[in-house]
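Here's the structure, in C-alpha cells; my notes come after.
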Amino acid sequence: MSSLLERHSYDVIVIGAGGAGLRAAIEAREQGQKTAILCKSLFGKAHTVMAEGGIAASMGNVNSKDSWQVHFCDSLRGGKFLNNPRMVELHAKEAPDRVWELETYGALFDRTPDGKISQRNFGGHEYPRLAHVGDRTGLELIRTLQQKIVSLQQEDLREFGDAEARIKVFAELTVTELVKDGDAVAGAFGYYRETGNFVLFEAPAIIMATGGIGKSFKVTSNSWEYTGDGHALCLRAGANLINMEFMQFHPTGMIWPPSVKGILVTESVRGDGGILTNVEGKRFMFNYVPDVFRGQYAKTEEEGDRWYDDQENNKRPPELLPRDEVARAINSEVKAGRGTEHGGVYLDVSTRMPAEVIKKKLPAMHAQFLELADVDITTHPMEVGPTAHYIMGGVEVDPDTEGTAVPGLFACGEVSGGMHGSNRLGGNSLSDLIVFGRRAGLGAAAYVSALGEKRPTVSEADLEAAGKAALAPFHAEPQPGPDGAVAPAPENPYTVHTELQQVMSDLVGIIRREGEITEALQKLQSLRKRAEHAAVEGHRQFNPGWHLALDLRNMLDVSECVAKAALERHESRGGHTREDFPIMDPNWRGVNLVAHLVPGTNTIELTHKPVPTIRPDLLALFDRSELEKYMTAPELTVLDNPQAAAGEKA
Amino acid sequence: MSYKSKFKVWRGDADGGDLNDYTVDVNEGEVLLDVIHRLQATQAPDLAVRWNCKAGKCGSCSAEVNGKPSLLCMTRMNTFVPEETVTVTPMRTFPIIRDLVTDVSFNYEKARQIPAFSPPKGVAPGDYRMKQLDVERSQEFRKCIECFLCQDVCHVVRDHDDNKKAFSGPRFLIRAAELSMHPLDSNPDRAEFARDEQGIGLCNITKCCTEVCPEHIKITDNAIIPMKERVVDKKYDPLVWLGSKIGIHHD
C-alpha cells in the first residue's frame, strides 16, 4: 500500500471548496498555516454557485434601521428558537464585515443610488438585507474567493518561487475516510477521480466544509456532490450530528419538464414582488399565516402590495414568510386539489412588473425558464413546487472556533449544525459560509499552533483498511437471496441510489408520519445491505459508477440519521412536519437530537441534549408576548428573574 | 412521448479512442445530459462525464455536440429531430483524460498569470463607493461560469497547441477587461499586460467565442475590442503614455 500511495503533509486540510471551505482556507493560510483544499469537482464549480438571492448582512444601506440585533431576532424566529444562539449572534454581528471584505477581494455587488452595496428583501428578514449581484450572488462569492486564493498564490510565487508553497487546491479528489491517531484526527485518505489513485493527506487539523445531503432525495435543488460526505465522515470519526430531522424544502423549485424538476427558482422572485396563486387564480398565502407570525404580515393583498413601496406603514405580504411555511402551504394547496396541471402552484411576476424590469432584476430566472422550460416569465407564470434544498442539521461545533467533539476536526457551512435551528432564512447561508468559514480557519490555525511539534501520525493498518474499503466495489459479489440462493448479479449502484431517493422523498419528505418513517428505516437497512454488494465495472480512471458506489455509503449513513431523528421528534417545527404531531411544542424547543456512532460499532444512536440557553441580554431583544409563543412557563420565569439567569452560562 | 434515439459518443483516453454507437430512450423535456446519465445508468456505467449543477450555472458539462461546443445540460433534446443521430465528443482544444472529460488545467494556469484585483489604497472596507452604471460593465464579464467553451472554440488555440503559451484565450481576455473596467482597481497596466502577456493581438475578432457563450457575454464587442483599443491608445497616445508614467489613471 505505502509504495502505491501518494502522500502529502499539511498544517490544515480543508475538505470542500464552496464558500465556507474557500473562506476557511484563506484564513488558515493568512494565519501562516500551510493549507490544502480538497474538492470533488474542479476549482470554482462548488454548489455555492447555485445560490441566487444574496448574502444577508445588516449593513443598513437601504434601510438604516437595520442592525445586527434585528438580524439576530429574525434568524432566531426563522429557526423557531431552536438555533444555537451564540452562533446566531456571531453571524449577525460579523456578516457586514465579511461582506465588505469581499469587496477588497474584488467582488462587484449591485449598488444603491449613493454607491453603496444594494440590499434586497427576502423571506423572514424585516429589512432589505441581502447584498446581491442580480440573481447570481453565489457565483460572485465563489469567483471572488477563488480569485483571492489565486492572489495569495501569486504572493507565494513572488516570495518563494512556488505559487503553491502555502496554499494548494487538489481538484477532483474524493476523501473516503478520515484517519485518526488516538482521539485526534491525523489525516484524510482519498482518491483522485481522474486516475483512481489513492492519496493520503497528513494534517493535524481538518476543516470539513462539504455542504449538504440533497442527493438522498429524489427532487432536489442540489448538485451531484451533495452526498453528505462530510456529515458521514465526521460521524464515522466520532463527531456528533445535531438537528438532522430538519431538512429545508425550498418552496419554489421548477416542476416542469420532468428533467428540470427540483431546480431552484430564487426567492428573490417573491422578494421583488412575485406572487403565489393556485389554479383558481387565488393568492392563497394569506390563508397560511401561522399565529406566531400573524402580527408581522399583511392581512390584505392591498397592504401587501403597498409594502414594496412603503415599508414604514405597511406589513410584508405572506409570500415572504419563512421557507418552511411557504413550502407547507404549497403542499396543502396541491393536496386540496388546487394545484396546477403538473402538480404545483403558479409563481407570477408577469402581471406584477414590466418585462424590462423582470429581465433586469431576474436575468438568470428569465433565461432558465426560457431555455429549459420554454416559458417566458415576462408573459407567463412559472409553475413551482417544493424541492429538497438545505439541511439545517449537521456537525455539532463550538460556536466560536467551529471545533467538533473530535480534536483537530472542524466544520463550517452547511455541513455544520446549530446556526439555523429548525429552518434557515434565505440569504443566511452565504453569510454563514463566510462568517464561520473564517472562524473555522482561525480555530484550526490556533489548534495547530498550540500543538507545537506534537503532530499526530497515521498508522499503516488504518491505511490498509481505507484502501481496501475504497476498492470493495470492484470485488463485490452477488448478494445471497433470503432462501440462500445466489442472486443472478451484483447490485447496480445507480439502481440502489434511485431507490434510496424514492424512499427518502416518499417516506421522510416534507410531511412525515410515524408508520412511514419506520418503514423508511427498514428499507434503509435493506438498501444498506444491497449497497455492500454494489459492484462496478471497468477501471479506476474517472469511473462514475465506482464514485457513486462509494458515495452511497455516505448517503445511507446520513439518511438513517435523518429518519431516526424525524421519528423521535414528536412535534412539527421548521423543516420537520409530522402529520401525527402537527403542533409546535414548547417542550421540544429546548431539545437537540444528537446522532452519533456507538463506539466500536456502525450503529447510529440518538440522544437528547439541551439547546444552549439564550443570554438574558439577547432574550431582552424580544417582546415577552412573542417569547410566550415559543417557550415553556419555567423558561419564561427567567425573564422575571434576570439576576438568577445571569449566573448561567450562555 | 418517449422515443429511442441514436447517439455516437466518443469513448477512449489519451492513447486514443472511437465513437461508440448507442441507442437510448429520450423523454419529453429532456436535455442531453439526462440522456447521458441514462446511458451511464443502463448501458455504460463507466462513461466519464463531468457535471455538477445541471442548471447551466457551474460550467462543468462542456463538450461538443455535433461538433459545436455546448453545455450538455443546456442542450435540449427537442432541438434535434428524433431520427437524427446525435454525436457527442470531448472538447477538442484540451488534452483527453477519458471519454468526455478533458484536462482543462491550461485555463487555471492562465488564470494564475493575471495580476489579481488591486484594492484602492487608503479606502477602508465598507467605504467602497461605485455607481451601478460603472460596475455593470465588469459585472457582465463576471457572469462567466468558466465552462471554457470560448477557449475550446477559439481558433487561435483550437488546432494550434503552439499558440497556447502566448495566448490566454477569450475567457481571460474578459477577465483582463473586467479588471481594467473595475471602478476601483488600482493597477494601471491591464491593457499592456493583455498585449504583452496575454497575446490579445493574436485575436482577429471572428466572434466564435461570443457565439458559443452560454451566458451570452459579448466577449468580442464588449471586452476584446475595447481592450485592443486601449492597447492602441496607450501605445500611440503620448499624453496617455505620460499620464500612465506619472500615475494618472483614467479607466
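The values are calculated or read from the model by the stated rules, or taken from the named source; none is laboratory data. Predicted model, so just to flag it, every value in this text is computed and none were measured. We place every Cβ from the backbone using ideal geometry, glycine too, and count neighbours over all the protein chains shown.
Quick look at the values:
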{"quantity": "In the range B:179-238, the residues that are under 30 Å from residue A:370 (Cα atoms) and part of a helix (DSSP H, G or I)", "calculated": "B:208, B:209, B:210, B:211, B:212, B:219, B:220, B:221, B:222, B:223, B:224, B:225"}
{"quantity": "Residue match in the range A:45-60 (condition: within 10 Å of chain B (Cβ to nearest Cβ) and farther than 21 Å from residue A:209 by Cα)", "calculated": "yes"}
{"quantity": "Residue satisfying all of: in the range B:79-130; among the polar types (S, T, N, Q) and free of Cβ contacts under 8 Å to residues at least 12 places away in the same chain; nearest to the other protein chains (Cβ to nearest Cβ) among these", "calculated": "B:105"}
{"quantity": "Residues of the range B:30-51 satisfying the condition of being more than 7 Å from every other protein chain (Cβ to nearest Cβ) and in a helix (DSSP H, G or I)", "calculated": "B:32, B:33, B:35, B:36, B:37, B:38, B:39, B:42"}
{"quantity": "Test: residue in the range B:159-170 that is buried (at least 24 other Cβ atoms within 10 Å of the Cβ) and either within 14 Å of another protein chain (Cβ to nearest Cβ) or touching a residue at least 60 places away in the same chain (Cβ under 8 Å) (or both)", "calculated": "yes"}
{"quantity": "Pick from the range A:276-309, criterion of a type in the set (Ser, Thr, Tyr) and assigned to a loop (DSSP other than H, G, I, E, B), ranking: farthest from residue A:330 (Cα to Cα)", "calculated": "A:308"}
{"quantity": "Residue under evaluation residue A:434, criteria (1) closer than 23 Å to residue A:186 by Cα; (2) not in a loop (DSSP other than H, G, I, E, B), criterion not met", "calculated": "(1)"}
{"quantity": "Residues that are within 24 Å of residue B:31 (Cα to Cα), in contact (Cβ under 8 Å) with a residue 12 or more places away in the chain and in a helix (DSSP H, G or I), drawn from the range A:360-382", "calculated": "A:363, A:364, A:365, A:366, A:368, A:369, A:372, A:373"}
{"quantity": "Options A:508, A:496: the member that is among the hydrophobic types (A, V, I, L, M, F, W, C), within 14 Å of chain B (Cβ to nearest Cβ) and either crowded, with 21+ Cβ neighbours inside 10 Å or more than 23 Å from the chain's Cα centre (by Cα) (or both)", "calculated": "A:496"}
{"quantity": "Options A:194, A:172; residue that is among the charged types (D, E, K, R), within 14 Å of chain B (Cβ to nearest Cβ) and buried (at least 19 other Cβ atoms within 10 Å of the Cβ)", "calculated": "A:172"}
{"quantity": "Filter result (touching a helix residue (DSSP H, G or I) at 6+ places or on another chain (Cβ under 9 Å), not β-branched (Val, Ile, Thr) and not in a helix (DSSP H, G or I)) within the range A:212-238", "calculated": "A:212, A:217, A:218, A:221, A:222, A:223, A:224, A:225, A:226, A:228"}
{"quantity": "Answer from A:42, A:38 - the residue that is surrounded by fewer than 24 Cβ atoms within 10 Å (Cβ to Cβ), under 23 Å from the mean Cα position of the chain (by Cα), of a type in the set (A, V, I, L, M) and farther than 24 Å from residue A:119 by Cβ", "calculated": "A:42"}
{"quantity": "Test: residue B:62 is of a type in the set (Gly, Ala, Ser), more than 10 Å from every other protein chain (Cβ to nearest Cβ) and closer than 25 Å to residue B:3 by Cβ", "calculated": "no"}
{"quantity": "Sole exception among (1) closer than 30 Å to residue A:631 by Cα; (2) touching a helix residue (DSSP H, G or I) at 6+ places or on another chain (Cβ under 9 Å); (3) in a loop (DSSP other than H, G, I, E, B) for residue A:312, by number", "calculated": "(2)"}
{"quantity": "Verdict on residue A:99 being within 14 Å of chain B (Cβ to nearest Cβ) and either in contact (Cβ under 8 Å) with a residue 40 or more places away in the chain or under 19 Å from residue A:397 (Cα atoms) (or both)", "calculated": "yes"}
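For (1) in the same structural domain as residue B:23 (by TED's automatic domain parsing); (2) part of a helix (DSSP H, G or I); (3) surrounded by fewer than 21 Cβ atoms within 10 Å (Cβ to Cβ), each residue gets a yes or a no:
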{"residue": "B:93", "(1), (2), (3)": "yes, no, no"}
{"residue": "B:112", "(1), (2), (3)": "no, yes, yes"}
{"residue": "B:120", "(1), (2), (3)": "no, no, yes"}
{"residue": "B:125", "(1), (2), (3)": "no, no, yes"}
{"residue": "B:129", "(1), (2), (3)": "no, no, yes"}
{"residue": "B:134", "(1), (2), (3)": "no, yes, yes"}
